[in-house]
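**Student:** My structure is below; once you've seen it, I'll send some questions.
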Amino acid sequence: MSQRNRSGLPGFHLTLGYTLLYLGIIVIIPVGGLFVRAAQSPFQELWRLAMNDKAIAAYQLTFGCSLIAASINAVVGTWIAWVLSRYEFPGRRIADALIDFPFALPTAVAGLTLAKLFDPHGWLGSALAALGIQVVLTAKGIILALTFVGLPFVVRALQPVIEQLELEAEEAAASLGAHRGYTFRRVIAPALFPAILTGFAMAFARAVGEYGSVIFVAGNKPYVSQIAPALIVSYLENFEYDGAIAVALVLLILSMLLLLSVNLLERWSSRFLR
Amino acid sequence: MSAIVRSRLAATKKSRRGSEEHPWARRALIASAMVFLFVILVVPLVNVFFQALETGVMPYLRALGDANTVTAIAMTGMTALSSVALNLAFGLTASWCIAKFQFKGKALLLTLIDLPFSVSPVVAGLLYVVLFGRQGFFGPWLDAHDIHIIFALPGMILATLFVTFPFVARELIPLLESEGTEQEQAAMSLGATGWQTYWRVTLPSVKWGLLYGVMLCNARAMGEFGAVYVVSSNIAGKTETVPLRIFNLDLGLGGHVAAFAVATLLAFLALVTLALKTWLEHRQNQDLILASALPKHEH
């Protein structure tokens, strides 16, 4: 890495050296290790383990539920971000601070309390049970847990964008006779779209890897509620390392692709910020 | 900390006609959003404390005073302390070279720093099993020298280090970048050494952001479940952290009151984290207002 040091400040080589060393030990060597270990196994065996029925069912549950949860977050997050940044009302600041609660609450606690609440005998679960809806130990439980952990992403991605919207544009639209609903669709929504998409992608990426909260609410039943991270844990508990490595490899490659697309989306949406 | 700048903007914003919903539409939007947040955020939080105290204060205190719970708290403390210290050192060095210098490959470096955020915690734990587990690359060597990493504290610390890796660095890099290098250059041209400049000029300007990053890193380290679950042997009183203890108690070994009692510790940690975050944003906000009130220097 060549450096153009226009600032004349000291410490560049020392700090960059330590950064690369630490990054190498904690991140690059372990991630590389998984790829090397996978390359040592016969490819057909690895493919069979990564793509058998149980694994495919787990990917479908993981990505399907993550997609649904991230979509719920996109809709609800847009609505909450709008209310929090556009309106002044009693309790707004407390509500705003509470948005980060799913980030701050350990996933094990989130899973524990959601499982109890939505249990057929719990506060909320008994009401749903009367309607014939079972949440815990089903895919609905996965969606519930993933919606909870992903809630802050869209709200936090949108708030700065909503606050920097030009009110003049909306006033101009109104003065030209546009209804509020029409203004929202044609003037406001296009400006918010990149940030909504960024928040959606971040919530999706987080949901795909989530384990702690899901295991409490939905359990770990193959074909019914077993998400891909839970399948890895099942393989490890049975000392089937090749199976764990095969599924982990699929998840790792997909999460790298997701990280890349989030980065591109963020760069794209930041063009819309002043 | 863009929230800080945001709340300042919000404070000066005035409502105007033509950019507002009908008052009743607004009331309906606010009320429904608050009901939703109440059900999805407040009810689960209250439920933790309600379930823990359901059978009274004594069973609650007994669950917290259990020897294995105390050991779990100590394990969580050690894990979090080591992760925060090491990732703080990394955050300080990485943010200096990335924010204050231009070099090739910076974008790649930033992406690699972000990588642990997008890796599933379970996969993170597995990475270290592949390296240090009995069947792993270094397994036979470690076995021969009687060194235990997987199913022991060092592995639990490594897994926690991985999942909390970006927190401090990600918080500091944008803050240091926005500060520029003029202040440091001025200090150095007046004869300050590099260290003096760093301690007296650079660090004070980002102290609230630094504290915020440390706090987030600590909250995640104390609450990490998946990654630690994979590398720990999960034995009560030996390799159980607080989140693992909640899981094992909930499985039926200790009953749900005990599980919720231990969970109140982490719920309380989350509340303290949120309160500190709000306070830090308020402080940073005041610093910004102070800075903008000072006369601008001409360069």
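We did not get these values from a lab; they are worked out from the coordinates using the rules stated. Note that this is a predicted model, so its numbers are computed, not measured. Methodologically, a virtual Cβ is constructed for each residue, glycine included, from the backbone with ideal geometry; neighbour enumeration extends over all protein chains shown.
**Student:** Using a Gaussian network model on chain A with a 10 Å cutoff between Cα atoms, which of A:LEU165, A:LEU176, A:LEU49 fluctuates the most?
**Tutor:** Looking only at A:LEU165, A:LEU176, A:LEU49, the biggest GNM fluctuation is shown by A:LEU176.
**Student:** Which value, in debye to the nearest 20, describes the size of the charge dipole of the protein assembly as shown about its Cα centre when Lys and Arg Cβ atoms bear +1, Asp and Glu Cβ atoms bear -1, and nothing else is charged?
**Tutor:** Computed charge dipole of the protein assembly as shown: roughly 1200 debye.
**Student:** Please report, ordered by residue number, every helix of chain B (full DSSP H runs) that is 20 Å or longer along its axis going by C-alpha atoms and whose mean Kyte-Doolittle hydropathy reaches -1.0.
**Tutor:** Flagged H segments are B:23-37, B:67-100, B:207-223, B:255-293.
**Student:** While we're here: Could you compute the net charge surrounding A:MET202? Neighbours are other residues with a C-beta less than 10 Å from the C-beta of A:MET202; K and R count +1, D and E count -1.
**Tutor:** Residues close to A:MET202 contribute a combined charge of +1.
**Student:** Moving on to the next point. Can you give the net charge of the other residues whose Cβ lies under 12 Å from the Cβ of A:THR107, counting K and R as +1 and D and E as -1?
**Tutor:** Spelling it out: positives minus negatives among the neighbours equals 0.
**Student:** Would you mind working out the magnitude of the charge dipole of the stretch B:224-298 relative to its Cα centre, with +1 at each Lys and Arg C-beta and -1 at each Asp and Glu C-beta, to the nearest 20 Debye?
**Tutor:** Result for the stretch B:224-298 is approximately 100 debye, rounded to the nearest 20.
**Student:** Based solely on its DSSP helices, what 222 nm [θ] is calculated for chain B when runs of n ≥ 4 H residues each add -39,500 (n - 2.57) and the sum is averaged over all residues, nearest 500 deg cm²/dmol?
**Tutor:** Mean residue ellipticity, 222 nm, calculated: -23000 deg cm²/dmol.
**Student:** May I ask for the net charge around A:ALA228, where only other residues with Cβ less than 11 Å from the Cβ of A:ALA228 are counted and Lys, Arg are +1 while Asp, Glu are -1?
**Tutor:** Within the 11 Å Cβ shell, the charges total 0.
**Student:** I want to check the label-to-label distance for B:ASN234 and B:GLU182. Put each point 7 Å from Cα in the C-beta direction and report it in nm to one decimal.
**Tutor:** The answer from the label model is 5.8 nm.
**Student:** Related question: Lysine pairs in the protein assembly as shown with alpha-carbon atoms under 16 Å apart, 8 or more places apart or on different chains: how many are there?
**Tutor:** On the way: A:LYS54/A:LYS221; A:LYS116/A:LYS140; A:LYS140/A:LYS221; B:LYS207/B:LYS277.
Final tally of qualifying lysine pairs is 4.
**Student:** Okay, next question. Can you tell me the relative contact order of chain A? Whole percent, Cα pairs under 8 Å, sequence separation 6 or more.
**Tutor:** Relative contact order, chain A: 28 percent.
**Student:** Could I ask something else about it? From a point 7 Å beyond the Cα of A:GLU45 in the direction of its Cβ, which residues of the stretch B:135-163 have a backbone N at a distance under 19 Å?
**Tutor:** Counting backbone N atoms under 19 Å from the label point, the list is B:135-140.
**Student:** Same structure again: Can you put A:SER71, B:SER118, A:SER234, B:SER292 in order of Cβ neighbours within 10 angstrom, beginning with the fewest?
**Tutor:** Sorted ascending by nearby Cβ count, the order is B:SER292, A:SER71, A:SER234, B:SER118.
**Student:** Further question: How do A:GLU168, B:GLU224, B:GLU240, B:GLU281 line up, fewest other C-beta atoms within 10 Å first?
**Tutor:** Working: A:GLU168 11, B:GLU224 30, B:GLU240 25, B:GLU281 19.
In order of increasing Cβ crowding within 10 Å: A:GLU168, B:GLU281, B:GLU240, B:GLU224.
**Student:** Roughly how big is the stretch A:87-198's charge dipole about its Cα centre, with Cβ charges of +1 (Lys, Arg) and -1 (Asp, Glu), in debye to the nearest 20?
**Tutor:** That gives the stretch A:87-198 a dipole magnitude of about 420 debye.
**Student:** Let me ask something else about it. Fewest to most neighbouring Cβ within 10 Å: what's the order for B:THR278, B:THR76, A:THR19?
**Tutor:** Exposure proxy ranking, most exposed first: B:THR278, A:THR19, B:THR76.
**Student:** Towards the positive end of the charge dipole of the stretch B:17-97, with charges on Cβ (+1 Lys, Arg; -1 Asp, Glu), say which of B:ALA74, B:VAL42, B:ASN87 has the farthest Cα.
**Tutor:** Selected residue: B:VAL42.
**Student:** Answer with one residue from B:ALA219, B:VAL262, B:ASN248: the one whose Cα lies farthest towards the positive end of the charge dipole of the stretch B:207-296, charges on Cβ with Lys, Arg +1 and Asp, Glu -1.
**Tutor:** B:ALA219
**Student:** Pairs of alpha-carbon atoms within less than 8 angstrom and 6+ residues apart define the contacts here; what relative contact order does the stretch A:146-274 have, in percent?
**Tutor:** Numbers: 95 pairs, mean separation 38.5, N = 129.
Averaging sequence separation for qualifying contacts and normalising by length gives 30 percent for the stretch A:146-274.
**Student:** Let me ask you something else. Once you order the gyration tensor axes a ≥ b ≥ c over the Cα atoms, which shape class does the stretch B:166-299 get: rounded for a/c under 1.5, otherwise prolate or oblate by comparing a/b with b/c? Before the final figure, lay out each step's value.
**Tutor:** On the way: a/c = 4.64, a/b = 2.53, b/c = 1.84.
Prolate, since a/c reaches 1.5 and a/b exceeds b/c.
**Student:** Here is a follow-up. Under the rule a/c < 1.5 gives rounded, and otherwise a/b versus b/c splits prolate from oblate, where does the protein assembly as shown land using the Cα gyration tensor? Display every interim value, and only then the final one.
**Tutor:** Numbers: a/c = 1.55, a/b = 1.13, b/c = 1.38.
Taking the square roots of the gyration eigenvalues as a ≥ b ≥ c, the protein assembly as shown is oblate.
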